[in-house]
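Read through the structure below, which is laid out as structure tokens, and then see the notes.
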Amino acid sequence: MTKGRDIIRIMARIMGLFFWWSPGTVVGQSSFPLDAMQDHPAADLTNPAWPNLTEGFHLDLGHLDFYSMHSAGSFNDLVRTESEGLRLDLSAFRPQLKDENQLFSQLSIRTISVRKQWQTFSIAFQHELNLGIEVQYPRSLIDFLVEGNASKVGQSIDLAFDGRFMSYNSYAISLSQSMGGLRLGVRPRLLLGNQLLDVQSDRLTLFTDPAYYQSTLTTDLMVHSVSTIDFGEANLLEYDFLGLDAWSLTSQHVGFGLDVGASYEHGSFRVGLSIRDLGFIRWNEAAIHSTRGNLRYDGIRIEDILDIESIAVSGEIDSLKALFDLQENQATITHNLRHRGRLSLSHSDREGKWVLMGHVQRTDRLGGRWSAGMAYWHQVIEVLRVGGSLGWQTGGWDAGLFASLKLQRFSPYISFSNARLGFDPLGSNRIRLAVGLSGSF
């Protein structure tokens with residue numbers, strides 16, 4: 001029995017990687033209030049033509065934008081506390097699963113932005129760190145990882161999932177030009193890739209013969225990796241995950257990105273349209289591992305997969321191990337960014353005491369995802385603005401709060417979603433957080 005479990009343990013480990021890292025690591029789904037805060041330099045994260053700034057120098061002295069979403073349970077639903085620490089527990093959120101499920105986690109950190117604004121023209125130099133995870137998986141995969149194949153003998157079990165982890169640096173020059181009420185903006189970006197793990201399983205099914213428990217695993221699996229996973233002997237059962245915390249400001253993996261935008265202002269109304277993250281990263285000497293075909297093994301009944309402590313592939317089961325030999329090579333591969341289109345509309349009073357803003361956005365991510373939202377802020381006193389937001393994404397509603405201070409030349413701000421649940425990032429299946437500090441001189 002135990003030997004048979006090794007057949008599928010690789011999937012539990014890979015899925016575990018994505019589940020564990022998604023709440024704590026995260027490519028840039030901006031928080032709703034950024035559109036409303038038009039006089040903040042960080043407003044250009046949604047549209048390079050959107051900031052409405054006074055003449056002078058404007059600095060972003062750090063901006064963190066975090067977003068995490070799981071269409072099923074929260075992080076707290078996925079883990080349980082044991083004496084030796086936290087343990088992944090996939091059974092707890094199974095009742096919340098859909099036939100197809102998505103998990104996204106994104107983090108964008110703007111380390112610095114220096115902008116010079118003239119009357120009608122501006123130029124900025126910017127650097128960002130970007131990390132992102134996205135996974136799409138079927139309910140049947142989680143059922144199998146929890147129950148094994150005993151309840152599905154005589155049936156084909158769909159185990160195919162897709163997942164991608166990618167991190168990179170972005171060095172940008174942002175330009176904008178005003179012509180009356182019309183403003184155009186463009187941000188070309190030099191991208192330097194850091195780490196990549198891309199799992200593509202076009203087909204991954206398991207069939208167990210009801211008479212002899214002969215199992216057939218039908219695979220069409222490909223893994224692209226750069227500094228994330230090591231298949232020691234080019235075998236699916238012999239691997240180690242590398243650390244995901246290594247970072248360098250330079251890289252041999254070079255790409256190009258482009259953000260374009262436009263805004264038009266008429267009286268107290270303003271409309272904006274942008275397309276962001278057009279571009280690609282070319283990964284040099286990426287490791288490519290693949291397996292395709294029908295893998296058969298006799299007498300396998302798989303149970304309690306998550307209770308297996310480790311993979312033990314020794315000489316006594318070399319016949320099983322041989323079934324998982326991988327084709328291995330290195331090549332230069334190109335991965336496109338997930339581009340996003342956004343339409344924004346705002347209305348404000350002429351004294352700048354309040355702004356009401358709405359937006360619609362589509363992200364090219366796992367077939368395309370829509371989001372929509374609205375935000376309102378009000379200047380309570382001269383140095384304090386407060387506001388709220390309401391947004392919808394992937395079939396769920398978020399409510400949020402945000403605040404901004406104006407302290408002479410510096411302005412700190414914070415916003416977060418799911419205010420209706422309290423600020424509980426680990427207890428919610430959907431969370432946003434943005435914090436930053438800007439300055440004007």
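Kindly rank 152-165, 194-207 from highest to lowest mean number of other beta carbons found within 10 Å of each residue.
Numbers: 152-165: 17.9, 194-207: 19.8.
Result, highest mean first: 194-207, 152-165.
Check Gly62: other-chain or 5+ apart residues with amide H under 5 Å from its amide H, H built from backbone geometry?
The answer is Ser113, Leu437.
I need Phe256, Phe93 ordered by Cβ neighbour count within 10 Å, fewest first. Numbers along the way, then the final one.
Working: Phe256 14, Phe93 18.
Lowest to highest Cβ neighbour count: Phe256, Phe93.
By average Cβ neighbour count within 10 Å, what is the ranking of 370-380, 263-273 from highest down? Present the calculation step by step, with values, prior to reporting the outcome.
Details: 370-380: 17.8, 263-273: 15.7.
Highest to lowest by the protection proxy: 370-380, 263-273.
Only the coordinates and a few stated rules stand behind these numbers; no lab work does. Just so you know, these numbers come straight off a predicted model, no measurement behind them. We place every Cβ from the backbone using ideal geometry, glycine too, and count neighbours over all the protein chains shown.
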